[in-house]
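Here is the structure we will look at, set down as structure tokens.
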Amino acid sequence: EPEVTQTPSHQVTQMGQEVILRCVPISNHLYFYWYRQILGQKVEFLVSFYNNEISEKSEIFDDQFSVERPDGSNFTLKIRSTKLEDSAMYFCASIPGGGTDTQYFGPGTRLTVL
Amino acid sequence: AQTVTQSQPEMSVQEAETVTLSCTYDTSENNYYLFWYKQPPSRQMILVIRQEAYKQQNATENRFSVNFQKAAKSFSLKISDSQLGDTAMYFCAFMKYTDKLIFGTGTRLQVFP
């Protein structure tokens with residue numbers, strides 16, 4: 001069964017450094033999402049992406065964040081200058097659209113900012 | 001704006017027993033989806049069950065079933081014959097067509113032998 005994949009599984013970085021989190025959505029899916037979950041808290045929406053542009057972004061998704069779909073398979077989340085409070089689990093999700101609207105999640109990337 | 005409320009931070013149940021997790025939501029939309037996701041200690045988000053709002057029939061997936069009350073905006077999850085592997089965090093979530101998921105704060109379920 002096709003699945004969403006994410007790399008790396010765990011990233012440790014120093015405050016102020018740039019990180020890129022990578023996701024490979026399921027191949028025929030058209031809508032893509034990033035979510036964040038700080039340890040012990042609920043899952044929060046960051047951004048949605050469709051037709052090569054951002055559909056919606058949350059208040060969390062400020063100028064430090066950007067997303068890109070550089071080719072037909074990868075979907076990346078970049079954090080330009082990480083802060084301590086960016087430490088969280090980051091999930092990528094995708095849906096095919098066309099009435100099939102279950103979001104399939106990747107396994108997540110655990111980001112630790114020191 | 002839509003909101004999702006899970007009022008039970010923690011629940012426990014004995015193996016083989018039945019447990020019900022509560023969820024309420026608020027929306028002015030008529031067409032939407034509701035989901036229950038399971039998050040085990042690995043922190044992977046695993047879909048448990050999904051309900052389309054236009055369907056009156058409650059969704060069922062093996063030991064998991066929902067009680068969907070559209071007028072009351074209630075969406076509870078019933079787990080029958082609980083197993084040790086059901087121990088996890090359970091999140092209720094709301095979604096409009098192709099829109100973002102809005103999650104509740106979760107219920108931590110512990111299944112005891």
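Which loop-located GluC sites (Glu not before Pro) does the stretch A:21-64 contain, where loop means any DSSP state but H, G, I, E or B and the Cβ has at most 13 other Cβ atoms within 10 Å? Those satisfying the criteria are A:GLU59. Candidates A:GLY16, A:ILE26, A:LEU46 compared by Cα position along the dipole of chain A: farthest toward the positive end lies A:GLY16, with charges placed on Cβ.
The fewest-to-most ranking of B:LYS70, B:LYS38 by surrounding Cβ atoms within 10 Å reads B:LYS70, B:LYS38.
FRET efficiency for the A:ASP71 to A:GLU3 pair, using the beta carbon distance and R₀ = 30 Å, is estimated at 0.95. In straight-distance terms, cross-link reach from B:LYS38 covers every one of the lysines whose alpha-carbon lies under 28 Å from its own, apart from those fewer than eight places away in the same chain; here that gives A:LYS42, A:LYS57, A:LYS78, B:LYS55, B:LYS70, B:LYS73, B:LYS78, B:LYS96, B:LYS100.
Normalised by the residues of the stretch A:5-99, what does the relative contact order come to in percent, with Cα pairs under 8 Å and at least six apart? Intermediate results must be reported in sequence, preceding the final value.
On the way: 177 pairs, mean separation 36.7, N = 95.
Over the stretch A:5-99, the number comes to 39 percent.
Taken about its Cα centre, chain B carries a charge dipole of about 260 debye when Lys and Arg each add +1 at the Cβ and Asp and Glu each add -1 at the Cβ.
What's the exposure ranking of A:TYR90, A:TYR33, B:TYR33, A:TYR50, going from fewest to most Cβ atoms within 10 Å? If you can, show how the numbers build up before the last one.
Working: A:TYR90 22, A:TYR33 27, B:TYR33 19, A:TYR50 16.
Listing A:TYR90, A:TYR33, B:TYR33, A:TYR50 from fewest to most nearby Cβ atoms yields A:TYR50, B:TYR33, A:TYR90, A:TYR33.
Could you give the length gained on full extension between B:ARG63 and B:GLN110, defined as 0.36 nm per residue of separation minus the Cα-Cα distance, in nm? Result for the pair: 15.3 nm of gain on full extension.
In a reduced charge model with +1 at each Lys and Arg Cβ and -1 at each Asp and Glu Cβ, the protein assembly as shown shows a dipole moment near 140 debye about its Cα centre.
Taken together, the values in this text are just the output of simple stated rules run on the coordinates, not laboratory data. No experiment lies behind these values; they were computed from the predicted model shown. When we count neighbours, we look across all protein chains shown, and the Cβ atoms used for this are built from the backbone with ideal geometry, even at glycine.
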